[in-house]
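See structure below.
The values are calculated or read from the model by the stated rules, or taken from the named source; none is laboratory data. Small disclaimer: the values here were computed from a predicted structure and weren't measured. Positions of Cβ are generated from backbone atoms using ideal geometry, with glycine treated the same way; all protein chains shown enter the neighbour counts.
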């Protein structure tokens with residue numbers, strides 16, 4: 001049986017708080033979203049397309065989980081083209 005990653009995992013700062021960066025569906029050009037997610041995260045285009053598809057079909061998608069500093073950097077890059085995001 002596969003085990004799930006615990007939400008209690010610690011981030012790289014050692015604060016113990018794992019956060020999630022959420023991308024919401026918006027009216028952007030498909031290729032622009034994929035390119036910006038790739039630029040922000042370094043993910044390959046297929047992974048970025050999967051994130052965009054989930055956001056498009058379900059209204060939101062998790063881009064990445066981790067520490068606040070890392071997520072804020074990615075969030076800032078996504079917002080360069082006014083993508084709608086939040087950190088939870």
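Overview of values
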| read-out | value |
| --- | --- |
| Tally, over region 67-83, of residues that are in contact with a helix residue (DSSP H, G or I) (Cβ under 9 Å, 6 or more places away or on another chain) and over 15 Å from residue 35 (Cα atoms) | 1 |
| Selection count where residues are part of a strand (DSSP E or B) and loosely packed, with under 14 Cβ neighbours inside 10 Å, scope region 65-86 | 1 |
| Region 20-34 residues that are assigned to a loop (DSSP other than H, G, I, E, B), paired with ones that are loosely packed, with under 13 Cβ neighbours inside 10 Å and at pLDDT 95 or above (beta carbon under 9 Å, 6 or more apart) | 25/57; 25/58; 25/59; 26/82; 28/82 |
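Conditions tested, residue by residue: (1) surrounded by fewer than 11 Cβ atoms within 10 Å (Cβ to Cβ); (2) touching a strand residue (DSSP E or B) at 6+ places or on another chain (Cβ under 8 Å); (3) at pLDDT below 95; (4) farther than 16 Å from residue 85 by Cα.
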{"residue": "11", "(1), (2), (3), (4)": "no, yes, yes, yes"}
{"residue": "14", "(1), (2), (3), (4)": "yes, no, yes, yes"}
{"residue": "19", "(1), (2), (3), (4)": "no, yes, no, no"}
{"residue": "25", "(1), (2), (3), (4)": "no, yes, no, no"}
{"residue": "37", "(1), (2), (3), (4)": "no, yes, no, no"}
{"residue": "58", "(1), (2), (3), (4)": "yes, no, no, no"}
